[in-house]
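Reading through the structure tokens given below for one structure.
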Amino acid sequence: MRNSCFCRYKSMGLFYEADKTFERLMDEKKNFVFIGEAGSGKSEIVLNIANKLAQKSGRQVDLFDLDQTKPLYRSRDMQNDFAGRGVNIIYQEQYLDAPVMVGGVRVSLVSDHYTLLDIGGGHQAAKFAGAYSDLLSKDDAVPVYIVNPYRPWTKDVDSIDGTMRHILGSMRLDHIYILGNPNLGYSTSVNEFMEGLNRIDELFDGYTVVNSACVRRDIFDEAQAGTDKSLVPLDLFLTYSWVD
């Protein structure tokens, strides 16, 4: 039966703390796991959250780049730039496409640092993150799934369901927080953003409420005036010379 898995998710309480805004979660949690397929905007979001946590708290932020699924738009590319912001970006160089473990994750998760894991959409990175499921399932941690309704693999509930079951199974976790990120790229208009928000509501209607979403800072004020959702403004850190 179509969407039966999402019905089961709802009854199992998989959609974690849906009544809370993401801003509130940033006040309550110490450890964050960010999951998202290529093109979802995950790495940009991770960098922004790391920067915000460092600025507001003055505490060390450890950002582990475990994304091994793509060569571009990686949080690791900002390692030197973010060092001066109080954000320690940690990763392990790969040899060709060979998966690699990144050291120091468990130490950071139990420290007084903020810890952010950027794991990408691949099952290999998710399996690595599963090694820390005993810590990531604690109350001070939250797995965050980035939904961009303009990407083909999040075009419907069945597509999202397949990815979520695969990733959460690999990570050995049973709950997830949904964070919207409706965008078509650097030139996304307010109208396109608002249409994306509506698509997200339609996708999850009857299953959970998605009350927080990310938006480019330069259209934040206009977008926030048009919705009751809590919006997280994003600066664009990952820019490349070949992007219009």
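Around the amide H of Val142, modelled in the peptide plane, lie the amide H atoms of Asn31, Phe32, Val33, all under 5 Å away and 5 or more residues distant in sequence or on another chain. Shown in residue order for the stretch 187-202 are the 3J(HN,Hα) couplings computed by the Karplus curve 6.51 cos²θ - 1.76 cosθ + 1.60 at θ = phi - 60°: 9, 4, 7, 4, 4, 5, 4, 5, 5, x, 4, 5, 4, 4, 4, 5 Hz (x for Gly and Pro). For Lys155, the lysines whose Cα comes closer than 28 Å to its Cα, not counting residues fewer than 8 places off in the same chain, are Lys10, Lys20, Lys42, Lys70, Lys127, Lys229.
Treating r as the C-beta distance of Asp205 and Glu23 and R0 as 35 Å, the FRET efficiency rounds to 0.90.
Here the simple spin-label model places points 7 Å from the Cα toward Cβ, and for Val190 and Asp158 these points are separated by 3.7 nm.
The numbers here are math on the coordinates, done by the rules we state, and not lab data. As the structure is a prediction and not an experimental result, all values here were calculated from the model. So basically every Cβ, Gly included, is an ideal-geometry build from the backbone, and we count neighbours across all protein chains shown.
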